[in-house]
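Below: one structure, written as structure tokens.
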Amino acid sequence: MRTADITRNTNETRIRVSINLDGTGRQTINTGVPFLDHMLDQIARHGMIDLDVHCDGDTHIDDHHTVEDVGIALGQAFAAAVGNKAGLIRYGHSYVPLDEALSRVVIDFSGRPGLFYQVPFTRALIGRFDVDLAREFFQGFVNHALVTLHIDNLKGENAHHQCETIFKAFGRALRMATEVDSRANGAVPSTKGVL
């Protein structure tokens, strides 16, 4: 089983994350930020990743620390669950529509963190969720999962739809990239022999 359990405690947040890359999309999520919970649910369901996330954060200040730190902890969990990446597909991509919105996400478990993010949100808030925090989530994930991640919202008029297509595509790209390649015979997918 490719699983990981991460605990991350700071003066701003206390987080527990558990993942199973070979799951069925089962999830239990409570971050104190309802829209983030909804987006994490998309990752679990569309990535077929079992995901448990609990965060007690300083949301009385704002949601920034919670969203960023959940991204960090989730990135740490993925790094632990994929291990040395032997037999991994490594690359994943997905296009996902939701009505008028369309997003593309491409990921590489390269060992090199890089976020390339082009999302022209049509408004600043989705409910009380500051759309700038979506980027903070993905930056935290990238820095700690050690992946290269390209996120492009190609079309969209409704900011909720824009954000949801990003997270759904992210989940599907993760699912593809973390699958085990039965033809790889346990080899690391790199000419370097290590990722």
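Every read-out reported here was derived from the displayed coordinates using simple, explicitly stated rules and does not represent laboratory data. Keep in mind that what you see is a predicted model, and the values were worked out from it rather than measured. All Cβ positions, glycine included, derive from the backbone under ideal geometry; neighbour counts span all protein chains shown.
Annotations for the structure displayed:
- Tensor-based shape of segment 41-106 (alpha-carbon gyration tensor, a/c under 1.5 rounded, otherwise prolate or oblate): oblate
- Computed over the chain with a Gaussian network model linking Cα atoms closer than 10 Å, the most mobile of Pro113, Pro97, Pro34 is Pro34.
- Segment 3-178: C-alpha gyration tensor shape, a/c 1.5 cut-off, then a/b vs b/c: oblate
- In straight-distance terms, cross-link reach from Lys192 covers every one of the lysines whose alpha-carbon lies under 27 Å from its own, apart from those fewer than eight places away in the same chain; here that gives Lys85.
- Within the chain, helix-based [θ] at 222 nm, where runs of 4 or more DSSP H residues each add -39,500 (n - 2.57), nearest 500: -11500 deg cm²/dmol
- Cα-based helix-to-principal-axis angle, 34-47 vs the chain, degrees rounded to 10: 30 degrees
- Cα extents of segment 5-58 along the three principal axes, largest first (Å): 33, 23, 11
- Degrees separating the helix 159-178 axis from the principal Cα axis of the chain, which is the longest one: 10 degrees
- The lysines within cross-link reach of Lys155, meaning a Cα-to-Cα straight distance under 21 Å and a gap of 8 or more places when in the same chain, are Lys168.
- Annotation note: trypsin sites (Lys or Arg not before Pro) in segment 123-192 located in DSSP loop regions with a Cβ neighbour count of at most 13 within 10 Å are Arg123, Arg128, Arg183, Lys192.
- Whether segment 1-92 is rounded, prolate or oblate, judged on the alpha carbon gyration tensor where a/c under 1.5 counts as rounded: prolate
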